[in-house]
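Where a number appears in this text, it was derived from the coordinates with a stated rule and is not lab data. These numbers come from a predicted model, not from an experiment. Note: ideal-geometry Cβ built from the backbone for every residue, glycine included; neighbour counts use all protein chains shown.
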Amino acid sequence: MAREPQFDIPKLEHDAVVPRVREGAMQHSKPFVAKPEHQEPLGFPGALVENWKDVALEKMDELRGKYRSLQVFLDICVKCGACTDKCHYYLGTGDPKNMPVARQDLLRKVYRRYFTFTGKYLPRLVGATDLTLDVLEDWYRYYHQCSECRRCSVYCPYGIDTAEITMAGREILDSVGLGQKYANEIIGKVHKIGNNLGLPQPALADTLEGLEEEVKEDTGADVRFPLDETGAEVLLVTPSADFFAEPHVDGLIGYAKVFHQAGIRWTLSSYASEAANFGIFIGSYENMQKVAQRIRDAALELGVRRIVVGECGHAWRVAYSFWNTLIGPFDFLDPAYPAPQHVCELTHDLIQRGALRFNKEANDHRVVTFHDSCNVSRASRMGDMPGGQFRIPREILRSCCNHFYDMPADTICEGTYCCGGGGGLLTDDLVELRVKGALPRMEALKRVVDEHGVTHMAAICAICKSQFSKVLPYYGFEMDMVVSLHQLVGDALDLSASAQQ
Ligand code: SF4
Ligand code: SF4
């Protein structure tokens with residue numbers, strides 16, 4: 001059970017209700033600031049620099065020159081208001097600074113003051129603001145109340161992407177020495193040890209050996225969890241939560257069963273034992289590149305022909321949208337397969353080819369719905385058809401479950417709500433924000449629970465799984481209601497000797 005909360009928990013309504021504006025409702029919410037030992041290894045100042053104002057403005061100037069989209073987004077908003085009620089953090093908190101347009105304006109007002117003619121000479125006319133310490137603190141608070149989920153951009157007639165503005169805001173904050181502890185500490189662990197958890201090779205090897213024994217006991221099959229096997233066909237990179245956390249590990253067991261039944265030789269890498277890439281959350285190209293580079297190096301070292309990415313929303317976004325630029329080209333991989341390939345694409349392809357045998361009744365005690373991860377839905381794709389990222393997971397679920405129901409149409413696929421813990425916010429110092437930001441998803445879930453008796457919600461993102469495990473009890477649901485999609489696959493796979501023939 002969740003511990004006794006120190007804040008009010010929003011009431012679940014049958015349909016999402018746009019809240020009344022509550023000025024300053026989340027003014028108190030801010031994550032722990034990174035210490036020098038978390039900042040410096042990433043190339044950032046250890047603490048707030050003396051000339052922070054000059055540094056911040058220089059960084060803003062650099063970023064608007066480097067990212068044309070940022071400059072355009074800062075210039076073109078017409079204040080139409082279409083985005084105001086689209087952010088789960090606004091819906092859950094009522095704080096007007098959590099309206100996407102207001103979040104953008106925190107940066108836009110300063111941009112206008114220092115980089116536009118009217119802002120310099122007639123600041124009041126265009127709502128331009130001086131950069132003060134109060135403004136800097138507001139940036140720190142409210143750019144850590146955005147999960148970079150991009151839902152608002154779907155409804156903006158100009159396609160303004162608040163996530164990019166948030167990333168720029170965080171990049172500026174890091175440049176003056178005001179980084180976020182949770183994200184920066186984790187990036188440091190990946191640079192040093194290879195995964196978000198700081199799990200060293202021997203511990204990983206032990207864990208995988210334990211999983212082999214567990215699956216043997218459960219199924220009688222010799223399903224392998226190979227580590228550092230040179231010459232394997234597939235390198236699987238997956239979020240490190242898959243190695244031990246519930247319900248993530250059941251997903252890893254599911255991938256292993258798929259590889260086993262399809263007869264694909266695969267391996268994990270102890271050097272690149274992490275798919276997650278928090279570099280994207282802080283908007284740092286350099287850190288994102290450095291984290292991703294481990295995966296290319298491991299693939300070359302192990303001599304694999306394919307790279308498959310496990311269930312992790314933002315990792316897939318980085319892999320699908322940025323790997324080619326960050327660590328490509330992938331001319332050493334087999335051109336017959338997507339590079340990189342999502343584990344759902346792999347499983348779906350095997351299902352299409354009749355290579356997997358299911359006993360769907362094994363999941364008959366579950367009535368399942370599916371939560372689309374924001375990063376998969378709005379920042380990537382799967383397969384070679386538009387909307388493949390929505391169709392492929394659902395087709396897999398229908399292949400292995402008899403009882404599947406979608407949540408309301410405006411809360412799934414492109415319009416999906418973030419779980420409330422994405423974008424580097426999955427930390428206990430932000431639990432109030434996480435609980436309140438989960439409200440729209442919880443309301444949609446309640447609809448299918450009431451109407452169809454849904455018992456489980458499948459997800460393909462490590463952050464979503466951890467976040468839901470934490471927040472579901474606050475809304476009266478069981479924490480184990482969230483499951484890995486590949487757990488349902490693995491539970492239904494028929495691994496009996498006759499099925500292997
Ligand atoms: S990107 Fe997502 S979290 Fe950020 S303002 Fe838009 S809807 Fe809210
Ligand atoms: S929908 Fe787009 S143009 Fe309209 S207020 Fe929001 S960001 Fe500005």
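A simple rule links phi to the HN-Hα coupling: the Karplus curve 6.51 cos²θ - 1.76 cosθ + 1.60 with θ = phi - 60°, which for the range 228-237 gives 6, 8, 4, x, 5, 6, 10, 9, 9, 10 Hz, with x for Gly and Pro. Helix 439-452 and the long axis of the chain differ in direction by around 40°, with both axes built from C-alpha atoms. Per-peptide packing, taken as the mean over residues of other Cβ atoms within 10 Å, places 441-447, 342-348 in the sequence 342-348, 441-447 from highest down.
Quote the charge dipole size of the chain about the Cα centre in Debye, to the nearest 20; the model charges only the Cβ of Lys and Arg (+1) and of Asp and Glu (-1).
Dipole size: approximately 1740 debye.
Within the shell of other residues whose beta carbon sits under 13 angstrom from the beta carbon of P247, the net charge comes to -4, with Lys and Arg scored +1 and Asp and Glu -1. Modelled label positions at R357 and R391, each set 7 Å beyond Cα in the direction of Cβ, lie 2.9 nm from each other. For the chain, taking a cut-off of 4.7 Å between Cβ atoms, the unpaired cysteines are C77, C80, C87, C146, C156, C312, C344, C400, C401, C413. Each semi-axis of the equivalent ellipsoid for the range 1-135 is √(5λ) with λ an eigenvalue of the Cα gyration tensor; in descending order they amount to 30, 24, 14 Å. For the chain, the longest principal axis of the Cα atoms and the long axis of helix 462-471 meet at an angle of about 80 degrees. Placing a pseudo-label 7 Å from each Cα along the Cα-to-Cβ vector at F117 and N324 gives an inter-label distance of 4.0 nm.
Its DSSP H runs of at least 4 residues, each contributing -39,500 (n - 2.57), put the calculated 222 nm mean residue ellipticity of the chain at -14000 deg cm²/dmol, to the nearest 500.
Bridge orientation summary for the chain: considering DSSP beta bridges with both residues in this region, about 10 percent are antiparallel. Between amide H atoms placed 1.01 Å from N, distances below 5 Å from L493 occur with N359, all of them 5 or more places distant or on a separate chain. Roughly what % of Cα-Cα distances in the chain sit above 37 Å, to the whole percent? Percent of Cα pairs beyond 37 Å in the chain: 27. One chain, two ends: R124 and Q201. Fully extended at 0.36 nm per residue, the span grows by 21.9 nm beyond their Cα-Cα distance. At an R0 of 51 angstrom, the distance between the Cβ atoms of Q71 and D450 translates into a FRET efficiency of 0.65. Per residue, the convex hull around the alpha carbon atoms of the range 134-177 comes to 69 Å³.
Between 0 and 90 degrees, the angle of helix 100-115 with respect to the longest Cα principal axis of the chain falls at about 50 degrees.
Quick check on my link table: of K97/K189; K79/K446; K30/K192; K257/K290; K30/K470, which ones sit more than 23 Å apart, alpha carbon to alpha carbon?
Values: K97/K189 33 Å; K79/K446 33 Å; K30/K192 27 Å; K257/K290 32 Å; K30/K470 19 Å.
Listed pairs above 23 Å: K97/K189; K79/K446; K30/K192; K257/K290.
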